[in-house]
Amino acid sequence: MRLLWAEADEIWNEYHEREGFGGYVSADFVEVYQALLGLQDQVDTVLEWGSGLGVVTIMASRLGFQAYGVEVEPILVEHAEELAERYGPDAKFATGSFIPDDYQWGAELPGNPSRTETDSRAAYDELDMQLDDFDLVYAYPWPDEHGLYLDILRNHSGNSTLFLSYDAREGVSLARIESDTEES
């Protein structure tokens, strides 16, 4: 894993000022890796929202999960696919938004999707999957966008989907999302 992390750092150092890299911020990969290790017997399918260079998706793939990443920036997806060829060839990536096309942001929700791309088409069709097909969703939300992420999951994920998130101040957190989409 350390070789993967080092190469991702090299890519960032070389390209971070180029178009398409402006929204990329890497998490603490060691901390996320430890969290994924602890989930090996609990989930099968992992989806990384805003996968950037794909490091978390590749780590999940190497740990035996069916791992997918969605990213709105095509240049980041290209780099992720190149890294996956070397470090996690079973990892799958799609270009597009993690926000389902039929999702409606509720004005009553706290926060504001100020940094998340909300105008791009969702990437789920490219994966031939939907959000409710995943057992675990991982994301590194922008500040004040946790409400958006949780609302998307409540309205579009499967019942009891796990949400693993990273925050620079709080570290890694895990929550079980009770979906509003399940019929009684």
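Annotations
- Subset of segment 157-166 [under 18 Å from the mean Cα position of the chain (by Cα), at pLDDT below 90 and surrounded by 12 or more Cβ atoms within 10 Å (Cβ to Cβ)]: GLY158
- Checklist (1) more than 21 Å from GLY54 (Cα to Cα); (2) at pLDDT 85 or above applied to ASP180, failing item: (2)
- Residue check for LEU4: of a type in the set (A, V, I, L, M), in contact with a helix residue (DSSP H, G or I) (Cβ under 9 Å, 6 or more places away or on another chain) and closer than 21 Å to TYR166 by Cα: yes
- Close pairs (6 angstrom Cβ cut-off, 6 or more residues apart or separate chains): crowded, with 17+ Cβ neighbours inside 10 Å in segment 19-47, of a type in the set (Val, Ile, Thr) anywhere: PHE29/VAL55; VAL32/VAL56; ALA35/VAL172; LEU47/VAL137
A quick yes/no check of all residues on (1) closer than 17 Å to THR95 by Cβ; (2) touching an Asp or Glu at 6+ places or on another chain (Cβ under 6 Å):
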residue: GLU14; (1), (2): no, no
residue: VAL25; (1), (2): no, no
residue: GLY38; (1), (2): no, no
residue: MET59; (1), (2): no, no
residue: PHE65; (1), (2): no, no
residue: TYR68; (1), (2): yes, no
residue: VAL72; (1), (2): yes, yes
residue: ILE75; (1), (2): yes, no
residue: GLU81; (1), (2): yes, no
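- Looking only at segment 134-156, and only at residues there that are without any contact (Cβ under 8 Å) to a residue 60 or more places away in the chain and of a type in the set (A, V, I, L, M), the one that is surrounded by the fewest Cβ atoms within 10 Å (Cβ to Cβ): LEU150
- Top-ranked residue in segment 167-180 [being surrounded by fewer than 14 Cβ atoms within 10 Å (Cβ to Cβ) and among the hydrophobic types (A, V, I, L, M, F, W, C); ranked as farthest from LEU136 (Cα to Cα)]: ALA168
- Enumerated helices (runs of 4 or more DSSP H) restricted to segment 43-156, each holding at least 3 residues that are in contact with a Lys or Arg (Cβ under 8 Å, 6 or more places away or on another chain), at pLDDT 90 or above and within 21 Å of MET1 (Cα to Cα): none
The values are calculated or read from the model by the stated rules, or taken from the named source; none is laboratory data. It should be emphasised that the depicted structure is a prediction, and the values quoted were computed from it without experimental measurement. We place every Cβ from the backbone using ideal geometry, glycine too, and count neighbours over all the protein chains shown.
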